[in-house]
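Have a look at the structure below before the remarks.
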Amino acid sequence: MKMKKSLFVTAVAVSLTACSGGGGMPNFGNDEYPVETIGTNSASLQSTYPATIRGIQDVQVRPKVSGFITKVYVHEGQAVKAGQVLFAIDSETYRAAVRQAQAGVNTARAQLNTARLTYENNKKLFDKHVIGQFELATAQNSFTTAQASLAQAEASLASAKETLSWCLVKSPAAGVVGSLPYKAGALVSASSPDPLTTVSDVSTVEVFFSMSERDILGLTKTAGSVGEALKEMPSVKLLLADGTVYGHPGKVVKMSGVIDAATGAYSIIAHFANPERLLKSGGAGQIVIPRTNSNAIVIPQEATASVQNKLFVYKVGKDNKVNYSEIKVDPQNDGNTYIVTSGLSVGDRIVVKGLTKLTDKMKITPVTLAAYQKSIDAAAKLGAKQSSASGFVGAMTGK
C-alpha cells in the first residue's frame, strides 16, 4: 500500500508539472496583466540647492595703527558686545604724540593771549590817536593768526588722541568672535594681510544659494513679478551638514538682479533665526524648497523600466496591445512613485506590474490590480501547500 501511494503522488506531481509549465506554480493566465488608467493627483515635492551660511553681519576687525599687540582680551567663539575691547596695541609712541600735541596747544594759547593783549592795547592807543590805522590793523591780524594757530593745535591734539584711542581695538558690532590669527607680540598694521578677527552677528543668519534662470522665470511668470514671487515663495528648510533638518524655518528675502555669467543662475538669500547659535558663519548646508502640484500624473516606479538612464512604460492600446513608450519624470521623487512630466496623458492605460515578461506589441488581457494580486496570493498559497507530500496530495484532491 505504501508503494502504491508513493507511485500515485509521483504520477500526480509529474502530471501537474507538465500542465503548469514547471516550477510547481499554477497557470492562472499568462496573458493577464494589471492595468490602470492614468488620472491626476496632488503631489508634494521638494527642490534642494547647495547653500552657504553667513552671519547677518560679518565684520572684519582690522587695526588702524601699526604696532605690536600687547594684549588679547577675547578668545575664539566668545560673544562680544558692540564697543567691547578686543585687542590692545603698544601705545607709547602715540601717547608721546598726544603730549607733543598738547604742548603745541599750550604754546598756541599763550601766543593767542599775547596777541589779544597787544590788539586790545593798540585799540586804546588808536582811540587816543597815539598810533595809526596800520599799527591797529597789524595787531588785529596777529590776533586773528594766533586764534587760527590755536585752533590748528587743538585739531592736532584731537587727532593725536583719536589715534591713541585706536590702540584699543574695539568690536564694531555685537556678535561672535571668529579665528584669532595674531597673538600677543605680533606686529600688525592696517595693511596686514589678515584681519585681527571677524565678528559675526549670528542672531539671524543669511543663507546664500543659487537658482537657475529657468526656475526663476517660472516663478516670475506665475506670480507676475520678482517681488511678488519672493512674497509667495513658501517657507524654506535648511538641511545641515549632518543630514538633519534645522529646527527653524527660513524665509527668502533677497534675489540678485543680475544673472551670474559663470553659472547662469541667480543668487538668492534666505534668512533663518538662530536663537540657539547653532548655525555658524561660514558653514554649509542645503536649502530645501517645497513644491506642490495639484494636477500631477503620478505612477508607481515599478510600472517603469529603466534603460540607459531613460524610463519606459507599457501603454495599453484599444486593441489591448502594449506599446513600449518613453516618458520623462521629475528628478525629485519619494522613492516609490514618479511624477510624469511628458509621455503620458490623463486617460492613458499602462501596465503597472509584471513588466519583465512583456514585449512590445504583445497582446494582453487587462485585469485590475486587485484581481492580479488575488491570483498571486492564490498561487503563493498553493505553493505553500505543495511544500510537503501530504499538503501536495491534499491540494490535488481538494482536501
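The values are calculated or read from the model by the stated rules, or taken from the named source; none is laboratory data. Because the structure is predicted, anything quoted here is derived from the model rather than measured. FYI the Cβ positions are ideal-geometry reconstructions off the backbone, even for glycines, and counts take in every protein chain you see. The area values use the complete protein model at the heavy-atom level, side chains included, leaving out ligands, DNA and RNA. Shrake-Rupley method; radii C 1.70, N 1.55, O 1.52, S 1.80 Å.
Using 0.36 nm per residue, how much length does the chain from SER47 to ALA79 gain when fully extended, once their Cα-Cα distance is taken away?
Contour length minus Cα-Cα distance gives 8.0 nm.
R0 = 41 Å: FRET efficiency of LEU136 with LYS161, Cβ-based, nearest 0.05? Don't jump to the answer; show the numbers that get you there.
Values: r = 38 Å, r/R0 = 0.92.
FRET efficiency, LEU136 to LYS161: 0.60.
Among PHE68, PHE208, PHE126, whose mean-square fluctuation peaks in a Gaussian network model of the chain (Cα, cutoff 10 Å)?
PHE126
Residue by residue through the stretch 288-295, which ³J(HN,Hα) values in whole Hz follow from phi under the Karplus form 6.51 cos²θ - 1.76 cosθ + 1.60 (θ = phi - 60°), with glycine and proline marked x?
Values per residue, Gly and Pro as x: 10, 10, x, 9, 10, 10, 7, 10 Hz.
What is the mean projected area of the alpha carbon convex hull for the stretch 298-387, to one decimal in square nanometres? Mind dumping the intermediate values first?
Values: hull surface 29.4 nm².
Computed as one quarter of the Cα hull surface, the answer is 7.3 nm².
Just subtract the alpha-carbon distance of HIS248 and GLU232 from 0.36 nm times their residue separation and send over the number in nm, one decimal.
Details: separation 16, 0.36 × 16 = 5.76 nm, distance 1.88 nm.
Extra length available between HIS248 and GLU232 comes to 3.9 nm.
Set the Förster radius R0 to 35 Å, insert the Cβ-Cβ distance between SER212 and GLN60 as r into 1/(1 + (r/R0)^6), and round the FRET efficiency to 0.05.
On the way: r = 32 Å, r/R0 = 0.92.
Result of the calculation: an efficiency of 0.65.
For the chain, which longest stretch is free of loop sites, where a loop site is one of the GluC sites (Glu not before Pro) that DSSP puts outside H, G, I, E and B and that has at most 13 other Cβ atoms within 10 Å? Before the final figure, lay out the partial values.
Numbers: sites that count: GLU76, GLU276.
Value returned for the longest uninterrupted segment is 77-275.
In nanometres, what is the gap between the two model label sites at ALA262 and LYS353, each 7 Å from Cα along Cα-to-Cβ?
According to this spin-label approximation, the distance is 5.3 nm.
Which residues' amide hydrogens lie under 5 Å from the amide hydrogen of ASP348, considering only partners 5 or more residues apart or on another chain, with H built in the peptide plane?
ILE38
Would you grab the residues whose amide H sits under 5 Å from the one on LEU45? Only those 5+ places off in sequence or on another chain, please, with H modelled 1.01 Å from N.
ARG291, THR292, ASN293
Just to be sure I understand the rule: take each whole DSSP H helix in the chain, project its Cα atoms onto its long axis, keep it if the span is 20 Å or more and its mean Kyte-Doolittle hydropathy is at least 0.5. Which ones pass?
Counting only whole DSSP H runs, the qualifying helices are 2-20.
Check each of the trypsin sites (Lys or Arg not before Pro) in the stretch 163-224 and keep only those in coil by DSSP with at most 10 other C-beta atoms within 10 angstrom; list them in order. Before the final figure, lay out each step's value.
Details: sites: LYS170, LYS183, ARG214, LYS221; in loops: LYS183.
Counting only loop positions with at most 10 other Cβ atoms within 10 Å, the trypsin sites (Lys or Arg not before Pro) in the stretch 163-224 are LYS183.
Roughly what % of Cα-Cα distances in the chain sit above 30 Å, to the whole percent? Walk me through the intermediate numbers first.
Working: 56057 of 79401 pairs.
The share of Cα pairs beyond 30 Å in the chain comes to 71 percent.
Only loop residues by DSSP count here, and only those with at most 14 other Cβ atoms within 10 Å; note down the trypsin sites (Lys or Arg not before Pro) in the stretch 293-347 that meet that. Intermediate results must be reported in sequence, preceding the final value.
On the way: sites: LYS310, LYS315, LYS318, LYS321, LYS328; in loops: LYS318.
Of the trypsin sites (Lys or Arg not before Pro), the ones in loops of the stretch 293-347 whose Cβ has at most 14 other Cβ atoms within 10 Å are LYS318.
Given Cα pairs under 8 Å that are at least 6 residues apart, what percent is the relative contact order of the stretch 106-204?
Details: 62 pairs, mean separation 23.8, N = 99.
This gives 24 percent for the stretch 106-204.
What residues have an amide H closer than 5 Å to that of VAL329, excluding those fewer than 5 places away on the same chain, when H is modeled at 1.01 Å from N in the peptide plane?
THR341
Rounded to the nearest 0.05, what FRET efficiency is calculated for SER192 and ASN113 with R0 set to 45 Å and r the Cβ-Cβ distance?
On the way: r = 45 Å, r/R0 = 1.01.
According to the calculation, E is roughly 0.50.
Measure up LYS64/LYS254; LYS353/LYS381; LYS254/LYS280; LYS353/LYS374 against 23 Å on the Cα-Cα distance and list the ones that go over. Spell out each step's value before the answer.
Numbers: LYS64/LYS254 33 Å; LYS353/LYS381 20 Å; LYS254/LYS280 20 Å; LYS353/LYS374 13 Å.
Long pairs (Cα-Cα over 23 Å): LYS64/LYS254.
How far is it, in nm, from the label point at THR204 to the one at ASN333 when both lie 7 Å from their Cα along the line to the Cβ?
Calculated label separation equals 4.0 nm.
Take the solvent-accessible surface of the protein heavy atoms, probe 1.4 Å, and return the percent of it on the stretch 133-280 that carbon and sulfur atoms account for.
Working: 4690 of 8070 Å².
Its accessible area is 58 percent carbon and sulfur atoms.
Compute a Gaussian network model of the chain, connecting alpha carbons closer than 10 Å, and tell me which residue from ASN41, ASN106, ASN333 fluctuates the most.
ASN106
What is the chain's relative contact order, in percent, from Cα pairs under 8 angstrom and six or more apart in sequence?
26 percent
Rounded to whole Å, give me the distance from the Cα center of the stretch 139-164 to that of the stretch 93-123.
8 Å
Give me the one-decimal nm value for the distance between modelled label points at LYS183 and GLU326, 7 Å along each residue's Cα-to-Cβ direction.
Each label point lies 7 Å from its Cα, and together they span 6.4 nm.
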